[in-house]
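A short write-up of the structure that comes next.
Just so you know, all these numbers are worked out from the coordinates, no wet-lab data involved. Note that the coordinates shown come from a computational prediction; the quantities given were computed from them, not determined experimentally. Glycine gets a Cβ as well: all are built from the backbone with ideal geometry, and neighbour counts include every protein chain shown.
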Amino acid sequence: MTDKNPDKGYVALLGWSLNAIDAVDRFDRRYVVVAPPWAEEYCQQNDIPFVPWDFDRLNERSHELAHTLEDMGVDVAIPIFEETVEWAGAVNAVLLKNPRLLGQAMLFRDKSLMKRRAQLGGIRVGVFEEAHDRGDVIRFLKRVNQTLLKLDGDPNDPIHFKAFDKSGTAGHRVIRTPEDVDNIPDEEFPALLESHLDGWEFAVEAWIKNGKIEFLNISEYVTLGYSVFVPATPELEAHRERITEEIEKLIEVFDIDFGFIHPEYFLTNDNKLYFGEVAYRPPGFNALELIERAYGFNGYQGLVLAFDPKTTQEELDAFFPKEVVDAKGHAGCFGVYPRRRVVSRLEIPEETASHPFFEFHELSDPREQKVAKRSAFGTHWGLAYFFGDNAHDLRDLLKKQEELDYYV
Amino acid sequence: MSLKEASAMDDEAALIRLSGTLDMAIERLERARPFAKSRYQRPVLDVLGRIIAQPGGLDMVRQRAERMDAAGLFAGSDWDRPEVLLPQLVGNTLVSEDPAFQALEAANLARFLAVADGEARHSNLHQEGARHFLTQVLALNLKDLFGVPDEAARALGARQDVKRRVVTYIADHVGLNDVLSVLVSEIWRLLEQRSIQVGVVKDMIAQIAVALNERGTEPGSTRLGAERLVSALFGPTSASRDDPGLAVYIERISIADDSGLSREAMGFARAMHDTGLVSDYHAAFLTWALDHEERPLIPEALGLGSTGLDCWRHYRGLIEKLIRSAVSPATPQAAYGLAMLLDRGILHHTPMVPALERQLSLRLVGAARERIAIGFGPGVPPETQLLAGVLQVLGQPLGVGQGANPTCQSARAIAMWALNDPDYLLHLVTQVAEFDTLQMQFEGSPINSADLPAGLAGAGPIDADPVSVLLVAHLDRIYAEMGRLCAGRPGDPHTWINPQFHGWWVSRDCAVAVDVATGKLAGYEDFLRRFFAAYHPEHNGGRPLGHPQPAGIAVTDAQQRFVGWHAISILRVAEDQSGQMRVYFYNPNNDSGQDWGNGVVVSTSGHGERYGEGSLKFEAFLSRVYLFHDEPLRSQHGQDIPGNVIGAVSEKAIASWAADRWPET
């Protein structure tokens, strides 16, 4: 570790992410990676500062981790994954001598509590309920559809099923029929049930310092689980002011002083903003990378600034560009799923390969010929990246990808 | 702006855009810490893969080679240590299934090239070392440089195109001087097979001419061989030695005396029979000689032997018409075809003279005319191209090649008819030329190719000889239809198709080494014994093979890995000069000389082969056969053959194509 400034903060990254480590290693702050013991050898070989830790369950040993880091002189812990959010809360409660941070983290980890808290704070949310077993799901499905005045035999409006403590699209199911309910594995309970909202779904990435938004990005979903791009279309960015107000409400309701949040919203056809959920960690789908491509700053380094208590306002002002106007273009990515039952090789569709917006992909060659049936939204086989100057063209291009075979 | 210019501009715009993307991807790689390089390598390789597919793309790669190397493109792989890389592995990596590996190898070679040219430096790679490495890569991949695709290459498709582009690029920059000797012997090896299509060989010779002209070589055998090739094409006689251009040449011979003309004629004949290539001067001389009243120069200029001379005396009028109509600056090779045709004596076969007269007056119509025009360009009328093609196919039956098409059966059939039944072949040519259809029968049911859907070859090849371009699309459809008519019959459909398709002389029984349903070997030992009994002179009562017999080969690559099933014909079985029993066969593939692994290397000359024949020792050949025809009434299955002889053949098969075909018991 050279060129690190000892006058600036010392951060701990909770969770193993090579992208995050790479970015932070290139930054001016001291850092340490807290990750499972299997990473130890790798860290030794590559001179990555490392503290081994097993995150499997939060227990009395969280104090031990907090004190280990405190003794090292670490100023703050940054959660990299959903599973380390409450660890970061527990550790930061000690490091920053603020016990409230643990409670706050628990709110972020429990989708049901999170939603109730938001509702209590006057934030608009859809109809939701907790489910502990399949019976709860069936009841919710029926009730939602009775409310919608559907008759027996009419196709149901879908409901959404989200395992309590999974992140992103993992554990997220769309339920239409009792048969869908039967397909939910036991381990995904308890879960949050939500009514389906027709509308425009998008996510926000917000870097926060001293209760104030330093940078607010709007990520427009083309299709949930498939594609996203930043900055959003002018039509969505037109709502930026209202969205900013919504984020400020979240900051107030969840009592967020610093860090990074990643909430999801619906803009319905009647022009109302519904809060979906919020995470206190970097988003999946490499959204930070898209932001870097569009704006030129590294999101992980931004995270360090937002968490580090020693960060100055001048640093923040110098680091973050101006939203939308400073973007060099629109960056998007598409998660590729094989569309055929049996595939033998990766072949980028010709019209994609020759499109001026297409940059490159990170798709793996098919390791197995058999395609697993998608149950939940599941994981894609890799991402294809796009960049261009026109948000509408990019959106249409990303949409178009859904009809193309990358694996044949 | 023409379409071509417009598309060139598109290409350029695409390249500029891709270079921007590449630079961005390289920057990300540069920024990454050593431990995170691997994540940023793949995007770079992905963009590289698209760039090398663009015209001019390799220049761009080369300009950035040093920078990509420094950025860590090779970090964590064998390529990070260029000093230990092996040139013999390059070829396979360039056709890797994973485009990332192709791109990686292309970037690596671009780095070697930059170092070899002194544009870049590398701490573990010296300029001389880099150049030497690239020379070896070229010499090992010459085949790709000059594009004679074999089965293995054809199966690779676009992957092969990448390889060819990269290898050609290296050759353009390193030059071929160092690899000249390899190249010269490669050309002689190809020429000895006397293919009808000599475009590739002519390209190679033109390259050599340029290389000799630009850089010269050390005197020696390489130079001699190279000059022999160059002069055969560009100046085979004393009046053409300085390659004066056709107009000057005609002026020169117009004032030459008798012995001078005779010397010219013999000079042309010697060069033509030496190489199988016909110089443009030769073609011009022949046309000129038709109107030279004083003395017939044609027989001398064609270098006819006694049979040919006899045909000349009988059919001079026809032969002169054939020269006038077929030999042109666009079709000089027709002269060689004609010379060989005359020496085969087939004009004495009664129907041939009227058949060729019909060919002379034939007018191509409709789709058939278009196909020939597409395949051979507008230089001369399609009729001239076709007539030239007919002369070549009849003169060099074993010179028929399938081009880059999966149509070995059709090519084999054309070769077989040209050899066995030339007037039948001309009958087929006439049908397609005039009616754009072929009519055949399968066990009494008429088949009309015009009614059938396209076969394996789609609309048919355009990269083959004119007769093939005309016929193959139709033959291919008929072949496929015969296959459909055999659906449901137990066993291999070739049993019935081959005799119906080719002719009465194909033996009616058929032995197959594998069970068609399971793909496993079945009754293999009997199969081998039966082949000995049918074809080996010491086991079949010393009967020579009368007609070529179709057979199926399991083609393997140099590592003995199975590549695919392939159609050939067995021509004869005989002892070579050293007393080894060999099978001489025709391979419709464009280059018979192939390494099938484990010492099974097909020889094309030096073991008693005639032009166009490939040969293998009897046992080695048999180890790759999976299907052959045999007379049903003569089924003594060779029980007298020693078990160890059969066992040795069987072992060779099981070590290669039959490795995973051993039946489970």
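Can you tell which of A:V33, A:A93, A:V127 lies farthest toward the positive end of the dipole of chain A, using +1 and -1 charges on the Cβ of basic and acidic side chains (Lys, Arg; Asp, Glu)?
A:V127
Enumerate the amide H contacts of B:V601 below 5 Å, restricted to partners 5 or more residues apart or on another chain; note that Pro and chain-start residues carry no placed amide H.
Long-range HN contacts for B:V601: B:W596.
Name the residue farthest towards the positive end of the dipole of the range B:461-587 from the options B:G564, B:N540, B:G491, assuming +1 on Cβ of Lys and Arg, -1 on Cβ of Asp and Glu, about the Cα centre.
The one lying farthest along the dipole's positive direction is B:G491.
For the residues A:D71, A:D180, what sequence is obtained by ranking on other C-beta atoms within 10 Å, fewest first? Numbers along the way, then the final one.
Numbers: A:D71 8, A:D180 18.
Neighbour counts put them in this order, fewest first: A:D71, A:D180.
Using a Förster distance of 35 Å, how high is the FRET efficiency between B:D10 and A:S17, based on the Cβ-Cβ distance and rounded to 0.05?
In this case the efficiency is close to 0.30.
Give, in nm to one decimal, the length gained when the segment between B:S123 and B:R489 is fully stretched (0.36 nm per residue of separation minus the Cα-Cα distance).
125.1 nm
In the structure displayed, which of A:K212/A:K272; A:K111/A:K142; B:K202/B:K617; A:K111/A:K212; A:K111/A:K328 lie more than 26 Å apart, Cα to Cα?
Violating the 26 Å limit, Cα to Cα: B:K202/B:K617; A:K111/A:K328.
For B:D526 and A:T147, what is the calculated FRET efficiency with R₀ set at 56 Å and r taken between the beta-carbons, to the nearest 0.05?
That pair, B:D526 with A:T147, gives E of 0.10.
Which of A:R341, A:R134, A:R176 ends up with the largest GNM mean-square fluctuation for chain A, with Cα atoms connected below 10 Å?
Ranking A:R341, A:R134, A:R176 by mean-square fluctuation puts A:R341 first.
Provide a whole-number value for the mean count of partner chain Cβ atoms within 10 Å of the Cβ atoms in peptide B:35-44.
Shielding by partners across B:35-44 averages 4.
Only Cα pairs under 8 Å and at least 6 apart count here; give the relative contact order of chain B as a rounded whole percent.
9
Among A:P185, B:A653, A:L18, whose Cα lies farthest out toward the positive end of the dipole of the protein assembly as shown, if unit charges sit on the beta carbon of Lys, Arg (+1) and Asp, Glu (-1)?
Farthest towards the positive pole: B:A653.
Taking a point 7 angstrom from the Cα of A:N210 along the C-beta vector, which residues in the range A:291-320 have backbone N less than 20 Å away?
Flagged as within label range: A:302-320.
A:S219's amide H: which non-local residues (gap 5+, or another chain) put their own amide H closer than 5 Å, with H modeled 1.01 Å from N in plane and none for Pro or chain starts?
Distant-sequence amide H within range of A:S219: A:A203, A:V204, A:E205.
Using θ = phi - 60° and the Karplus relation 6.51 cos²θ - 1.76 cosθ + 1.60, list the HN-Hα couplings for the range B:303-312 in order, rounded to whole Hz, with x at every Gly or Pro.
x, 5, x, 5, 5, x, 4, 4, 5, 4
Once you have the Cα-Cα distance between B:N213 and B:W188, take 0.36 nm times their residue separation minus that, and quote the gain in nm to one decimal.
My answer for the length gained is 7.0 nm.
Say we join alpha carbon atoms closer than 10 Å with springs in a Gaussian network model of chain A; which of A:A66, A:A287, A:A318 then has the biggest fluctuation?
Ranking A:A66, A:A287, A:A318 by mean-square fluctuation puts A:A318 first.
Given the -39500 (n - 2.57) contribution per DSSP H run of 4+ residues, what per-residue ellipticity at 222 nm results for chain B, rounded to the nearest 500 deg cm²/dmol?
-17500 deg cm²/dmol
In nm, to one decimal, how far is the modelled label at B:L246 from the one at B:R610, with both set 7 Å along Cα→Cβ?
3.4
Dipole size in debye (nearest 20) for the range B:23-113 around its Cα centre, Lys and Arg Cβ +1, Asp and Glu Cβ -1?
Details: 12 positive and 13 negative charges, 65 e Å.
The calculated dipole for the range B:23-113 is roughly 320 debye.
Counting only residues 5 or more places away or on other chains, whose amide H sits under 5 Å from the amide H of A:V11 once H atoms are built in the peptide plane?
A:R30, A:Y31, A:V32, A:D75
At 30 angstrom or more along the helix axis (alpha-carbon based) and mean Kyte-Doolittle of 0.0 or higher, what helices does chain A contain? Whole DSSP H runs only.
Passing helices, by number: none.
In what sequence, highest mean first, do A:276-283, B:520-527 appear when ranked by Cβ atoms within 10 angstrom?
Ranked by mean Cβ neighbours within 10 Å, highest first: A:276-283, B:520-527.
How about B:K321: which aspartates and glutamates have a C-alpha closer than 20 Å to its C-alpha, ignoring those fewer than 8 places off in the same chain?
Output for B:K321: B:D280, B:D291, B:E293, B:E294, B:E300, B:D310, B:D343, B:E357, B:E383, B:D423.
Using only DSSP helix segments of four residues or longer, with each worth -39500 (n - 2.57), what per-residue ellipticity at 222 nm results for chain A after dividing by its residue count and rounding to 500?
When only DSSP H runs of four or more count, the value is -9000 deg cm²/dmol.
What size of dipole, in debye to the nearest 20, comes out for chain B about its Cα centre when the only charges are +1 on Lys and Arg C-beta atoms and -1 on Asp and Glu C-beta atoms?
It works out to roughly 780 debye.
Under 20 Å from a point 7 Å along the Cα-to-Cβ line of B:D59: which residues of the range B:77-110 have their amide N that close?
B:106-110
So if I average 1/r over every pair of distinct C-alpha atoms in the protein assembly as shown and take the inverse, what Kirkwood radius in Å does that give?
For the protein assembly as shown, inverting the mean 1/r across all distinct Cα pairs yields 34.8 Å.
Normalised by the number of residues in the range A:204-355, what is the relative contact order in percent for Cα pairs under 8 Å and 6+ residues apart?
Here the relative contact order equals 27 percent.
Given a cut-off of under 8 Å on Cα pairs at least six residues apart, what relative contact order in percent is computed for chain A?
Across chain A, relative contact order equals 14 percent.
Report the charge-dipole magnitude of the range A:299-347 in Debye, nearest 20, computed about the Cα centre from +1 at each Lys and Arg Cβ and -1 at each Asp and Glu Cβ.
It comes to approximately 740 debye.
Using a Gaussian network for chain A with springs between C-alpha atoms less than 10 Å apart, which of these wobbles most: A:S17, A:S195, A:S219?
A:S17
Report ³J(HN,Hα) in whole Hz for each residue of the range B:653-662, in order, from the Karplus equation J = 6.51 cos²θ - 1.76 cosθ + 1.60 where θ = phi - 60°; Gly and Pro get x.
5, 6, 6, 10, 5, 8, 3, 10, 10, 5
Can you give me the distance in nm between label points at B:A70 and B:I654, each placed 7 Å from the Cα along the Cα-to-Cβ direction?
The two pseudo-label positions are separated by 5.9 nm.
If you plug each phi of the range B:543-560 into the Karplus form 6.51 cos²θ - 1.76 cosθ + 1.60 with θ = phi - 60°, what whole-Hz ³J(HN,Hα) values come out, in order, with x for Gly and Pro?
So the Karplus estimates, Gly and Pro as x, are 7, x, 6, x, 10, x, 10, x, 8, x, 10, 8, 6, 10, 8, 5, 8, 6 Hz.
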